[in-house]
Amino acid sequence: MLTVHHLNNSRSQRILWLLEELQVEYEIKHYQRDPDTNRAPAELKAIHPLGKSPVIVDGDNVIAETGAIIVYILDTYGKGRLRPEEGTQDYIEYVHFLHFAEGSAMLPLLLALYTGFLGEAAAPITPMIMKEIKSVLDYCEYQLVANEYFAGDTLTGADIQMIFPLEAAKARGRLKGYEACLDYVAKIHKRPAYLKALARGGDYAYGPKAG
């Protein structure tokens, strides 16, 4: 059976959501962040040399990186679900946003997080980071005004990828004024499969609040 090595408050929550959408049976091995450093525990290096989550183990296959995991799961278990037909514009958008999420979208958000610990020392590069975040969110808003989801009008693996950057932005108060993005996050947070994944995954600061 497929096993997800799942770190609390991390990108691996997306993989649980994907598996719930597909109704694939899976096991979870839970890991907790170090309370002092907020880093993943050293035990994850026994699973994959990077020592990060998500990592899945499926038979002899050990796969890291969210995008690669999504592609593997859809290829292996998807049966054509959550992936547009090849050769269509939606498929092009699907591939684009699979890569955009962890490339262009997450980089400035992470830079803002890390430089936030530097105080005044970060002042010279803060305007550039904020400009990049605005560019990313403007682009997401543009896409979601034109489409119900990131790769057309049906849920795809691109949405599994894109929810985390928007959740992270929302948690930092960066989605004010981005109504399409806010509506999108709210819509995803109501999906039964997303809520089932939350129940199984445990502590997740970026999801809907209980009650």
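Coordinate-derived values only; no laboratory data. Bear in mind the structure is a predicted one, so any value in this text is a computation, not a measurement. Note that we place each Cβ from the backbone using ideal geometry, even for glycine, and neighbour counts take in every protein chain shown.
Tabulated results
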item	result
Answer residue from the range 136-184, given it is of a type in the set (A, V, I, L, M, F, W, C) and in a loop (DSSP other than H, G, I, E, B) and is surrounded by the fewest Cβ atoms within 10 Å (Cβ to Cβ) among those	LEU155
Qualifying residues in the range 154-187 (those that are over 16 Å from the mean Cα position of the chain (by Cα) and of a type in the set (D, E, K, R)) - the one farthest from ILE73 (Cα to Cα)	LYS176
Filtered residues of the range 1-17 (kept if charged (D, E, K, R) and assigned to a helix (DSSP H, G or I))	ARG14
Residue count for the range 117-135, restricted to those that are among the acidic types (Asp, Glu) and surrounded by fewer than 11 Cβ atoms within 10 Å (Cβ to Cβ)	1
Residue within the range 93-104 that is crowded, with 20+ Cβ neighbours inside 10 Å, over 23 Å from SER10 (Cα atoms) and touching a residue at least 40 places away in the same chain (Cβ under 8 Å) present	yes
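For (1) buried (at least 17 other Cβ atoms within 10 Å of the Cβ); (2) closer than 17 Å to TYR204 by Cα, each residue gets a yes or a no:
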residue: LEU7; (1), (2): yes, yes
residue: VAL24; (1), (2): no, no
residue: GLN32; (1), (2): no, yes
residue: GLY51; (1), (2): no, no
residue: ASP58; (1), (2): yes, no
residue: PRO108; (1), (2): yes, no
residue: THR115; (1), (2): no, no
